[in-house]
Every structure is written in C-alpha cells, then in structure tokens.
Amino acid sequence: MNKDNANETLKNMDKEIESMLQSILIDKDEEENLNQITSINCLENKKNDKINFEKFKNNKDLFNFSNDNNINVNKQNFNININNCKKDIISKSIINNKNNFKSNSEKIYYNNLDKNNLNQDIVNKTISFPIYYNNRNIYLNDNNINNNFNIIYNRDKQNKEISPNDLDNYLKEFKYLLQKQNNIDINIFNQIKNYIILLIKSQNGNKILQNSLFSTSNQIIHLIFNELSNNLILLLQDKITNTFCVKLYQYLNMNDKYKYLTIISNNIIKLCTNKISTYSIQNIIENLHSRNEKLILLNSIKLNLLKLSLDIYATHVIEKILITFEFEYLIEIYNFIMENIIFLSNHVNGLCIVKQTLFLQNKKEYYYIIKQKLKERSFELIENPYGNYALQIVIENWEENDLIDIFKQFIGHFTELSMMKYSSNVIEKILIKSEIFVNYFIQETCIEKKSIGFLIKNAYGNYVIQTCLKSSKGNGKLILMNSIQKNLGILGEKKLIIKWKNILSLNNQNINNINDNNKML
C-alpha cells in the first residue's frame with residue numbers, strides 16, 4: 001500500500017466516520033436507555049446540534065487515528081464491530097457532560113463495552129476511547145481500591161471516583177488543613193467522609209490520618225468508625241488499611257469497641273486465617289483491657305478452637321491469647337489443649353499451641369496432666385516429625401526429677417530410637433539432661449545389646465554416640481570408648497575409621513587433663 005493511496009483511504013474514512021458520528025446522535029436518541037436518563041438538557045433542547053468533528057478528530061486523547069501507513073484497515077469490519085461501541089460511549093459522554101467531551105488519558109472508565117463484538121486488533125491499532133463515564137453504581141476494584149474490595153460508591157450518597165492525580169492533590173490539601181490545626185474537626189471530617197476509604201488506602205493518607213487520631217475528639221473518631229464499620233472486615237484484610245483500623249481501635253469509646261469486636265467475632269475464622277488480618281487480630285488482642293472486651297472475642301474463638309488451632313495463621317492468634325490473657329479466661333482453651341495434646345503435638349500448626357502451653361504450664365495447674373499425657377503417649381510423640389519437638393521442649397525446660405517417669409519409657413529401646421531421624425534428637429536431649437540415663441544408655445548399647453558398632457556407622461546414631469561421649473564421665477566413659485575402639489574394624493570405610501580415631505583421641509586427652517587437674521588439687 002503506497003503512501004498516497006494510504007492517505008486517500010484515511011481521508012475517505014474520515015468522511016465516512018464524520019457522517020456516521022453525525023447520525024449517532026439522532027439514532028441513539030431513539031433508544032430506550034437514553035429515555036431513562038434524567039437531566040439531558042443538552043439533547044432535549046439541542047437534538048440537531050452539530051459536533052465540531054474536525055476538533056473532535058484532532059483530540060488525540062479522545063479519538064486517535066493511527067498514522068501508521070502499514071495498517072490496512074478493513075472498513076467494513078471497522079463499521080460493524082465498532083459502531084455500537086461508539087454509539088454508547090459518545091452519546092453517553094454527551095449526555096453526561098453536556099456536549100463537552102471529557103477525556104481522561106490515564107484510564108478508561110467505561111464498564112459496558114461489549115468485548116465480544118469488538119475487533120481488538122483494530123481498536124488497539126487504530127482507535128482509542130479514553131472517555132470518562134460514571135455509571136449509576138461504580139465498583140472501585142482497580143487501581144484506586146485493591147482487588148479485595150468490592151465497595152460500591154453510590155452517587156446518591158455523593159461519593160465520587162477519584163483518579164490517581166486527583167487523589168494526590170486531595171491528599172495535599174488534606175495534609176495542609178491538618179498542619180494548621182493538627183486534628184480532624186467536624187468541617188474537615190465532612191470534607192473527607194466520602195473519600196475516607198480512599199485516603200486510608202493510600203500510604204500517605206493512612207499515615208496522616210493515623211497521626212491525627214491522637215488529637216481528634218471522641219465524637220469525630222466515632223463518626224470515622226461509623227464510616228468504616230460496614231467495610232471493616234475488608235479493611236482489616238488489606239495490607240495498608242489494616243494498620244489504620246488497628247490504630248483506630250485504641251481511640252474508640254467503649255460502645256464502639258464492643259461493636260468493633262462484635263464485627264470481628266462474627267467473622268473470626270475469615271480474619272484469623274487470613275495472612276494479613278491475623279496480625280491485625282493479634283495487635284487488637286494486645287489492646288484488650290476490660291473483661292467484656294476479652295469475653296466478646298473469646299466466645300467466638302472457643303467455638304472454633306479446633307479449626308483455628310490447625311491453621312497456619314490462626315494458631316498464632318491462639319498463642320497470643322495464651323500469652324496475653326490472665327489464666328481465668330483461658331480455662332476452656334487449656335481444657336481443649338489437654339484433651340487433644342497428642343493430636344495437636346503431631347500436627348505442624350497445632351504444635352505451636354502445644355509449645356506455648358508447655359512453656360506456660362510447667363509450674364501451673366495443668367502441669368501434672370501434661371506430664372501424665374506425655375508419659376502415656378511418649379512413643380507416639382518421639383517418632384513423629386512434629387511431636388518429637390514437644391518432648392524436646394519439655395526436656396529442655398523442665399527439671400530432671402520431673403522427667404524421670406517419661407525417660408523410663410525409653411529404657412531398653414535406646415538403640416532403635418537412636419537410629420531413627422526424629423527420635424534420635426530426643427535421645428540426644430535426654431543424654432545431655434540426665435547423667436543417670438547416660439549410664440542406662442551405655443549399659444544397654446555396650447553391655448546388654450552390644451549395638452555400639454551399628455550406632456557408630458549409622459547416619460543418626462553416630463551423633464547420639466558423640467553426644468554420649470561428651471556427657472559421660474568416669475567408668476561409663478571408659479566403657480563407651482573401649483566399645484567404640486573394639487568396633488572400629490566393622491566400619492569398613494577408612495574415612496569413618498579415621499574420624500572415630502580422632503574423636504577417641506580427643507576424649508583421651510580430656511580424660512588425661514581431668515586426671516592431671518585432680519592430682520594437682
């Protein structure tokens with residue numbers, strides 16, 4: 001397609017489109033949706049008004065024709081596929097803007113395009129429609145509001161959609177107002193109340209509003225909460241707005257706090273199991289002071305303890321309650337944990353709650369119940385990928401005398417347990433904790449079962465033996481070292497033999513040093 005023919009084609013298209021556009025106003029006026037719109041003075045009185053098409057075509061923001069001569073436009077497809085789209089956009093723009101085509105080059109606000117009837121290649125390469133059109137109800141779920149939000153801004157309530165640039169300007173004005181008086185009064189509140197969600201959705205607006213809460217009156221804070229309460233659940237789940245909502249709670253009066261907590265309680269699973277809002281709930285828990293506040297939240301949590309305990313995020317909410325609340329509020333939670341301690345210990349998320357319980361209850365009311373449960377079900381825990389950690393926590397934090405009944409369960413099974421991945425960790429903890437059970441271990445592995453040769457070449461057992469060497473003393477240590485020396489021949493690999501010879505050599509030096517020190521004394 002040569003240049004002259006291309007230019008001639010485009011000129012002919014200009015004329016055809018000009019004629020088509022002129023007819024749109026008359027054709028569209030006959031359609032039903034035009035009759036349903038009120039306040040159309042521009043068309044009621046000026047149906048035959050002409051548009052300045054030359055000016056219209058030259059507005060690049062509104063209606064762009066491509067200058068690319070290589071584009072071969074199929075005029076038939078162009079007219080068929082794009083005609084209805086242009087009718088809707090142009091007529092509604094005229095109706096709503098009184099013949100002044102209002103363009104917004106940053107974003108297309110038109111929700112009723114019939115995408116199935118559009119030739120996208122032609123649209124993208126040849127023509128653009130950046131025309132701003134507000135429907136009766138608009139959903140702000142694009143850039144201004146996160147995808148989590150489906151908040152309807154109704155024009156009947158005088159809520160408006162704000163472009164990013166307009167929002168920045170609005171924030172500057174809002175910041176300037178606050179710099180003058182350092183708080184939000186009724187006049188400022190009336191100006192921002194329709195845009196308050198947009199303000200806290202932006203980083204800057206969120207920070208400004210948070211800083212102003214301290215010096216704002218209780219009455220205005222009450223009004224702010226009323227504006228947000230219907231969308232509180234969504235706001236708590238957003239990574240930006242949740243910080244403002246948590247801060248706002250601290251400044252509410254008691255009645256509003258009860259309302260706030262009731263909203264949370266009715267959606268407790270959704271909030272606690274959400275990656276973002278779980279931290280919001282934990283922060284709010286730290287700011288609960290009165291009995292009624294705590295009970296409102298606890299009542300909903302108690303009804304969903306099992307589900308919350310097994311969730312990767314919600315389990316930390318339970319932990320926070322155990323740490324923060326007084327024991328009198330926690331009896332039902334502890335009863336639940338005691339009944340299910342083995343099941344929870346063997347679950348990757350439930351283990352977190354058990355750990356916290358073991359830390360808190362080693363000297364309190366449930367100590368003996370925990371001790372008995374661990375004793376009875378010790379083998380279920382020691383061989384479990386998660387349950388073994390529960391035993392390790394107990395061994396590390398309880399006194400040796402309190403652990404003897406649990407340790408006794410493993411006598412006669414030290415060899416097998418030392419050769420398994422998870423249980424070997426527990427055996428090492430026992431050998432570090434109790435000198436008595438070091439001797440039991442040496443007697444079983446070196447004298448009764450003579451299993452030391454299997455242990456020193458086992459991937460897990462060799463670490464148990466090394467720990468036993470460090471923990472053993474006197475005759476027990478000598479017996480263990482002699483047994484290792486006698487079994488070096490069955491190792492086979494030279495590297496392993498050299499490794500164990502070095503370990504024995506170091507232990508011999510330590511024994512000699514101890515003997516020398518004793519002689520000097």
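Scanning segment 376-388 turns up no residue that is touching a residue at least 40 places away in the same chain (Cβ under 8 Å), over 30 Å from Glu339 (Cα atoms) and in contact with a helix residue (DSSP H, G or I) (Cβ under 7 Å, 6 or more places away or on another chain).
Flag set for Leu271, criterion: modelled with pLDDT of 95 or more, aliphatic (A, V, I, L, M) and within 17 Å of Glu319 (Cα to Cα). On the stretch given as segment 256-289, residues that are surrounded by 13 or more Cβ atoms within 10 Å (Cβ to Cβ) and not in a helix (DSSP H, G or I) total 6. The number of residues in segment 343-366 that are in a loop (DSSP other than H, G, I, E, B) and free of Cβ contacts under 8 Å to residues at least 24 places away in the same chain comes to 1. Residue count for segment 298-325 satisfying the condition of being part of a helix (DSSP H, G or I) and either β-branched (Val, Ile, Thr) or more than 22 Å from Glu339 (Cβ to Cβ) (or both): 7.
Pick from segment 183-207 the residues that are over 14 Å from Leu228 (Cα atoms) and surrounded by 18 or more Cβ atoms within 10 Å (Cβ to Cβ): which of them is nearest to the chain's Cα centre (by Cα)? Across segment 183-207, the extreme among qualifying residues is Ser202. If you go through segment 343-359 and keep only what is touching a helix residue (DSSP H, G or I) at 6+ places or on another chain (Cβ under 6 Å) and of a type outside the set (D, E, K, R), you end up with Leu344, Ser345, Asn346, Asn349, Gly350, Leu351, Cys352, Ile353, Val354, Gln356, Thr357, Leu358. Mind listing just one residue for me: the one in segment 302-317 that is over 15 Å from Asn274 (Cβ atoms) and out of contact with any Phe, Trp or Tyr (no Cβ under 9 Å at 6 or more places or on another chain) and, of those, modelled with the lowest pLDDT? Filtering first and then ranking leaves Leu303.
Kindly evaluate Ser290 against the criterion of being small (Gly, Ala, Ser) and modelled with pLDDT under 95. Spell out the reasoning first.
Details: small (Gly, Ala, Ser): yes; modelled with pLDDT under 95: yes.
Judged against the criteria, Ser290 is a match.
Restricting attention to segment 403-413 and to residues that are out of contact with any helix residue (DSSP H, G or I) (no Cβ under 6 Å at 6 or more places or on another chain) and loosely packed, with under 14 Cβ neighbours inside 10 Å, the residue that is farthest from Tyr367 (Cα to Cα) turns out to be Gly412. When Asn292 is tested against (1) closer than 28 Å to Gln203 by Cα; (2) in a helix (DSSP H, G or I), only condition (1) is not met. Could you go through segment 377-391 and let me know if any residue there is of a type in the set (Asp, Glu), over 24 Å from Val317 (Cα atoms) and modelled with pLDDT of 90 or more. Yes, some residue in segment 377-391 is of a type in the set (Asp, Glu), over 24 Å from Val317 (Cα atoms) and modelled with pLDDT of 90 or more. Among residues of segment 406-420 that are modelled with pLDDT under 95, those with a beta-carbon under 6 Å from a residue that is surrounded by fewer than 17 Cβ atoms within 10 Å (Cβ to Cβ) and assigned to a helix (DSSP H, G or I) at least six positions away or on a different chain give the pairs Ile406/Lys375. Pairing each residue of segment 449-467 that is within 16 Å of Glu428 (Cα to Cα) with any residue that is among the basic types (Lys, Arg) and assigned to a loop (DSSP other than H, G, I, E, B), provided the two are 6+ apart or on different chains, yields C-beta distances under 7 Å for Tyr460/Lys421. One residue is enough: does segment 345-357 have a residue meeting the conditions at pLDDT below 95, polar (S, T, N, Q) and more than 22 Å from Cys272 (Cα to Cα)? The answer is no, given that none of the residues of segment 345-357 is at pLDDT below 95, polar (S, T, N, Q) and more than 22 Å from Cys272 (Cα to Cα). Candidates in segment 220-255 are the residues that are among the charged types (D, E, K, R) and buried (at least 17 other Cβ atoms within 10 Å of the Cβ); of these, the one that is nearest to the chain's Cα centre (by Cα) is Asp238. Taking the stated definitions as given, is Gly476 surrounded by fewer than 18 Cβ atoms within 10 Å (Cβ to Cβ), assigned to a helix (DSSP H, G or I) and either touching a His at 6+ places or on another chain (Cβ under 7 Å) or not basic (Lys, Arg) (or both)? It is false that Gly476 is surrounded by fewer than 18 Cβ atoms within 10 Å (Cβ to Cβ), assigned to a helix (DSSP H, G or I) and either touching a His at 6+ places or on another chain (Cβ under 7 Å) or not basic (Lys, Arg) (or both). Among the residues of segment 326-342, those that are touching a helix residue (DSSP H, G or I) at 6+ places or on another chain (Cβ under 9 Å), part of a helix (DSSP H, G or I) and not aromatic (Phe, Trp, Tyr) comprise Glu332, Ile333, Ile337, Met338, Ile341, Ile342.
The values are calculated or read from the model by the stated rules, or taken from the named source; none is laboratory data. Bear in mind the structure is a predicted one, so any value in this text is a computation, not a measurement. For neighbour counting, all protein chains shown are included, and Cβ atoms are generated from backbone atoms with ideal geometry for every residue, glycine included.
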